[in-house]
Amino acid sequence: MMWRCRTPLCMLVLLAGGCEPPPPAGDPSKPVAGSYSSVEQSLVDEGRATYERYCVGCHGTAGDGAGDARRFLHPPPRDFVAANFKFSSTRSGQLPTDDDLRRMIRNGLRGSAMPGFGLLPDRTIDALIAYIKTFSPRWKEQEGEPTPIPFVEDPYRLEPDKTAAIQRGEVVYHGYANCWACHPAYVPQPRLNEYLVQFGNPPRDEFRPDLYQAVGKENEEGEIVYPPDFRRDYVRAGVRVEDLYRSIAAGISGSAMPTWVDSIDLPGPTPDSPPLVSKADLWAMSYYVQWLLSQRPPLLKEGQFVVRDRPRPIYLYGAPPKAVKPEAPPDEQTQKAVEETFTP
Ligand code: HEC
Ligand code: HEC
């Protein structure tokens with residue numbers, strides 16, 4: 001098979017001097033678990049071809065995450081042989097559903113090197129999924145389909161103003177779920193103590209050092225991963241409130257981030273009183289985290305993107321109403337955009 005370098009990633013890898021053609025298809029060293037019907041087999045074959053074109057540079061020929069680009073990447077590409085997937089709608093430690101894999105391949109994982117492949121047809125994505133599953137016997141060994149965590153009714157869905165949700169989220173985040181044990185706290189210490197007391201916890205004289213910063217946590221692969229500081233960092237699995245609910249409720253496999261959906265219930269003081277905390281509060285925390293994320297300063301202001309020597313700006317959120325005509329020659333303009341971006 002002739003191997004040609006077409007994708008930007010491949011060019012990058014070539015430039016870095018680490019490009020070697022992958023071994024020919026049908027490499028017997030490649031683990032292909034189980035046996036397949038001819039329909040499944042043709043999907044797997046199609047998946048292999050697409051994988052070798054788009055994914056191999058990062059995830060590696062053997063699917064072990066050791067592609068040529070690995071040494072440049074943190075977090076590293078997923079190892080499909082170990083098959084510890086992070087962002088799923090299933091409980092920590094369980095395999096993701098096909099919908100989860102589809103979503104991640106389509107959308108990518110923002111803040112990591114994993115790009116989105118939203119332009120690939122559905123069938124091609126299904127083929128990629130079928131192929132990825134051949135790398136690990138875990139897929140054949142699991143009993144039945146993985147089950148997603150329950151999405152309880154969102155009590156705030158129909159409210160146009162989410163202030164109540166955000167405020168409740170702040171209280172539960174700090175007072176009950178202690179998300180600040182790993183992520184930063186976002187309220188002054190006296191207020192944090194007020195929130196703790198609301199859920200029957202004793203107030204504290206002292207909190208961890210660097211309370212307003214994230215604490216690095218080791219993941220299963222022994223890498224230190226920093227939980228996102230929502231006012232500063234990207235979250236990977238999406239910022240829609242449903243995405244945040246999924247990440248918070250299901251947790252992140254292999255990392256310190258726990259599955260919350262099973263431990264977010266606290267009954268009221270008497271059998272007749274409403275619960276102090278319930279699964280609905282997962283929504284409140286999702287709105288709260290989304291609100292924190294919305295405060296993240298944009299890296300570049302709109303209109304500051306200029307591609308090399310082309311004087312045509314690229315807009316993040318669509319062109320502004322009035323067409324902007326570049327006044328300065330491209331070089332000067334690029335210089336100006338760079339200066340504006342990097343001077344506070
Ligand atoms: C430029 C490098 C790069 C390319 C190309 C790439 N990936 Fe990834 N991929 C990553 C990285 C890095 C991660 C891990 C992100 C993390 O841990 O937050 C990842 C993670 C994943 C995950 C796991 C998500 C999870 O929940 O654990 C899947 C599935 C995946 N990639 C599929 C693909 C497929 C399919 C392709 C090709 C169509 C592909 N990737 C191409 C870098 C890449
Ligand atoms: C024991 C430590 C720990 C606690 C407690 C914790 N987290 Fe996390 N959280 C993490 C780590 C580590 C990550 C990053 C995982 C990764 O990217 O590999 C993370 C990631 C996240 C993400 C980002 C998911 C994405 O798409 O990238 C969200 C949202 C989140 N946590 C919300 C919460 C909320 C809300 C709470 C409290 C209910 C909480 N976390 C409690 C450790 C923790």
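What the table below lists for this structure:
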| item | result |
| --- | --- |
| Enumeration of residues in the range 40-57 that are of a type in the set (Val, Ile, Thr) and near ligand 1 (Cβ under 10 Å from one of its atoms) | Thr50, Val56 |
| Counted residues, the range 238-267 - those being within 6 Å of ligand 2 (Cβ to nearest atom) and surrounded by 18 or more Cβ atoms within 10 Å (Cβ to Cβ) | 7 |
| Residue that is modelled with the lowest pLDDT, among those in the range 34-66 that are over 16 Å from Leu101 (Cβ atoms) and of a type in the set (Val, Ile, Thr) | Val39 |
| Single condition Pro75 does not satisfy, out of (1) within 7 Å of ligand 1 (Cβ to nearest atom); (2) assigned to a loop (DSSP other than H, G, I, E, B); (3) more than 20 Å from Glu223 (Cα to Cα) | (3) |
| Boolean, Ile264 is in contact with a helix residue (DSSP H, G or I) (Cβ under 9 Å, 6 or more places away or on another chain) and assigned to a loop (DSSP other than H, G, I, E, B) | yes |
| Test: residue in the range 194-206 that is within 25 Å of Arg232 (Cα to Cα), touching a residue at least 60 places away in the same chain (Cβ under 8 Å) and either within 16 Å of ligand 1 (Cβ to nearest atom) or in a helix (DSSP H, G or I) (or both) | no |
| Residue within the range 148-162 that is over 30 Å from Gly47 (Cα atoms) and not in a loop (DSSP other than H, G, I, E, B) present | no |
| Selected residue (only one of Tyr131, Tyr156 is under 30 Å from Glu52 (Cα atoms) and crowded, with 19+ Cβ neighbours inside 10 Å) | Tyr131 |
| Complete set of residues in the range 173-193 that are of a type in the set (S, T, N, Q) and assigned to a helix (DSSP H, G or I) | Gln189, Asn193 |
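The values are calculated or read from the model by the stated rules, or taken from the named source; none is laboratory data. Note that the structure is predicted; figures quoted are calculated from it, not measured. Cβ coordinates were reconstructed from backbone atoms using ideal geometry, including for glycine residues, and neighbour counts include every protein chain displayed.
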